[in-house]
Amino acid sequence: MRIGIFGGSFNPPHKRHKEIAQELIRNHYVDEIIFVPTGTKYEYKSNLLSNEKRLTMIKLMIGQDQNMKVSTYELQDKVVYTYQTLEHFTRKYPHDEIYFICGTDNLSYIDKWKHGNELLKKYKFLIIKRSTHNIEPLLEKYKDYRDHIIITNIEEDTLSSSEIRVKLKNKQLEEIKMLLDSRVYQYIVKNKLYS
């Protein structure tokens, strides 16, 4: 089986996150997606909601979809790096292929990540295109790992969690209602999150 690891802060998880996962499965890039929310100890992300609340929202977003799961692996009391996460899933699923899902924006500086070049050497990357980044220079930059970089036919739109947080803070509820799974939306409103 091919398993896609979908990391991110998911603060909050929005409809496009799930749509990307569904498209990856529907287009046979992977058979299953595991959402891996970043823990609150990650120093590059400020104002993250608690691990528990983000985990709850991802579960609500996934719903009954049998091809999607959520992992608590990175929700530890310490920073967990991507290489550790991928090693964890390689050990957990020794007979399956592990793919890491990321956008062209992340790919552009993956060589700066802890053991970034080792990751490119060891794992396959499913790249979600972003209109803000030209893929060709990146393919040239990582030409030694070209066999491990799979450019999908899926594009990430401009929707971002930070934009949704701003709209929630400004109480623009009607505007964000369409951007979130209805259960996630209700959970946010009920618990007055981000306001």
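Rounded to the nearest 20 debye, the dipole magnitude of the range 1-42 is 140 debye, with +1 charges on Lys and Arg beta carbons, -1 on Asp and Glu beta carbons, and the Cα centre as origin. Under the convention that each Lys and Arg Cβ holds +1 and each Asp and Glu Cβ holds -1, the size of the dipole of the chain around its Cα centre is about 680 debye.
Note on residue 1 and residue 83: with the Förster distance fixed at 25 Å, the Cβ-Cβ geometry gives a FRET efficiency of about 0.70. By the rule of a C-alpha distance below 20 Å, with chain neighbours fewer than 8 residues away ignored, the aspartates and glutamates paired with residue 18 are 31, 32, 52, 65, 74, 105, 155, 156, 157, 163, 175, 181. Dividing the summed helix terms, -39500 (n - 2.57) for each DSSP H run of n ≥ 4, by the number of residues in the chain produces a 222 nm estimate of -10500 deg cm²/dmol to the nearest 500. In the assembled protein chains, residue 68 presents an accessible area of approximately 10 Å² (probe radius 1.4 Å).
Helix 51-62 and the longest principal axis of the Cα set of the chain meet at an angle near 80°. Annotation: per residue accessible area for the chain equals 54 Å², rounded to a whole number [probe 1.4 Å, protein chains only]. Taking all Cα pairs closer than 8 Å and separated by 6 or more residues, the relative contact order of the chain comes to 24 percent. Report the Rg/Rh value for the range 104-162, based on alpha-carbon coordinates and the Kirkwood definition of Rh. When Rh is taken as the Kirkwood radius, the ratio is 0.97. Past the 27 Å Cα-Cα mark, which pairs from 41/169; 114/192; 59/122; 53/167? 114/192; 59/122, as the Cα separations exceed 27 Å there. Three principal axis extents describe the C-alpha atoms of the chain; from largest down they are 48, 34, 34 Å. Surface composition of the chain: carbon and sulfur atoms hold 47% of the protein heavy-atom accessible area at a 1.4 Å probe. Taken about its Cα centre, the range 25-70 carries a charge dipole of roughly 160 debye when the Cβ of each Lys and Arg holds +1 and the Cβ of each Asp and Glu holds -1. Packing order of peptides 84-92, 52-60, highest average first: 52-60, 84-92 (average count of other Cβ atoms within 10 Å over each peptide's residues).
Calculated over the range 1-116, the projected area of the Cα convex hull averaged across directions stands at 7.3 nm². Taken over the range 66-150, the percentage of Cα pairs per 10 Å bin, counting from 0 up to the bin with the maximum distance, is 16, 47, 30, 7. The length gained on full extension between residue 178 and residue 91, counted as 0.36 nm times the residue separation minus their Cα-Cα distance, comes to 27.5 nm.
The values are calculated or read from the model by the stated rules, or taken from the named source; none is laboratory data. Fair warning: this is a prediction, and the values are worked out from it, not measured in the lab. Here Cβ is always computed from backbone atoms with ideal geometry, including for glycine, and neighbour counts include all displayed protein chains. Heads up: the accessible areas ignore ligands, DNA and RNA and are worked out on the full protein's heavy atoms, side chains in. Shrake-Rupley method; radii C 1.70, N 1.55, O 1.52, S 1.80 Å.
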